[in-house]
Amino acid sequence: MSLTVLCEFRTQTGGETEFLRVARALASAAATEPGTLRYQWFTTQKPGHYSIIEEYADADAAETHNNHVEPLLRELFAVAELVSVSFFGELNKYLRDWASGREGVAVNMPL
């Protein structure tokens, strides 16, 4: 079963140019991952806010993606704050542990 992830980020003051550079690098890296089905960034109506839709073959593919792009994620989090994350689908242990107790995270399980 696939896993869809929706995230919203808010850039720090002065960090928008760097955020955009890293977001594009993340999208480029994700394009080569066999388990990544969709990885698309969006601007929002709020200045400095960006959203992403990520879709993976399963939770293991999402974990593989995070491991693959870990250096880029560190760069992203240096210039932006994660506002919210919504998971749609089954999580593996790695993602359950990451989400546990974290503010702004919603886990939506299939019926």
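The values are calculated or read from the model by the stated rules, or taken from the named source; none is laboratory data. These numbers come from a predicted model, not from an experiment. Please note: Cβ atoms are built from the backbone with ideal geometry, for glycine as well, and neighbour counts cover all protein chains shown.
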So A27 passes all but one of these: (1) without any contact (Cβ under 8 Å) to a residue 24 or more places away in the chain; (2) in contact with a helix residue (DSSP H, G or I) (Cβ under 9 Å, 6 or more places away or on another chain). Which condition number does it fail? (2)
Starting from the range 84-111, take each residue that is part of a loop (DSSP other than H, G, I, E, B) and list its partners that are not small (G, A, S), counting only C-beta distances under 6 angstrom and pairs at least six apart or across chains. G89/M1; G89/L3; E90/M1; N92/D60
Among residues of the range 90-111, those that are out of contact with any helix residue (DSSP H, G or I) (no Cβ under 7 Å at 6 or more places or on another chain) and of a type outside the set (K, R), counted: 12
Residues in the range 22-36: is at least one loosely packed, with under 15 Cβ neighbours inside 10 Å, hydrophobic (A, V, I, L, M, F, W, C), assigned to a strand (DSSP E or B) and out of contact with any Gly (no Cβ under 9 Å at 6 or more places or on another chain)? no
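Taking the range 1-21 as the region of interest, how many residues are of a type in the set (A, V, I, L, M) and part of a strand (DSSP E or B)?
Just the residues of the range 1-21 that are of a type in the set (A, V, I, L, M), to begin with: 1, 3, 5-6, 20.
Add one more test, that the residue is part of a strand (DSSP E or B), and what stays is 3, 5-6.
Residues meeting the conditions: 3.
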When you check F42 against the structure, is it surrounded by fewer than 16 Cβ atoms within 10 Å (Cβ to Cβ), assigned to a strand (DSSP E or B), in contact with a strand residue (DSSP E or B) (Cβ under 9 Å, 6 or more places away or on another chain) and among the aromatic types (F, W, Y), yes or no? yes
Quick one: what pairs do we get from the range 60-75, first residue more than 16 Å from A99 (Cβ to Cβ), second part of a helix (DSSP H, G or I), C-beta under 6 Å, 6+ apart or different chains? V69/L26; V69/A29; L72/V22; L72/A25; L72/L26; E75/V22
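Per-residue answers, yes or no, for (1) farther than 15 Å from F19 by Cα; (2) modelled with pLDDT under 95; (3) among the aliphatic types (A, V, I, L, M); (4) within 14 Å of the chain's Cα centre (by Cα):
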position: P47; (1), (2), (3), (4): no, yes, no, no
position: E54; (1), (2), (3), (4): yes, no, no, yes
position: A59; (1), (2), (3), (4): yes, no, yes, yes
position: N66; (1), (2), (3), (4): yes, no, no, yes
position: S84; (1), (2), (3), (4): yes, no, no, yes
position: F87; (1), (2), (3), (4): yes, no, no, yes
position: E90; (1), (2), (3), (4): yes, no, no, no
position: Y94; (1), (2), (3), (4): yes, no, no, no
position: D97; (1), (2), (3), (4): yes, no, no, no
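Please pick out the residue among E54, E81 that is more than 29 Å from P110 (Cβ to Cβ) and either of a type in the set (A, V, I, L, M, F, W, C) or in contact (Cβ under 8 Å) with a residue 40 or more places away in the chain (or both).
Values: E54 fails: more than 29 Å from P110 (Cβ to Cβ).
Step by step, each of E54, E81 is checked, and only E81 is more than 29 Å from P110 (Cβ to Cβ) and either of a type in the set (A, V, I, L, M, F, W, C) or in contact (Cβ under 8 Å) with a residue 40 or more places away in the chain (or both).
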Residue ID - farthest from S2 (Cα to Cα), chosen from residues in the range 52-83 that are of a type in the set (G, A, S) and crowded, with 16+ Cβ neighbours inside 10 Å: A80
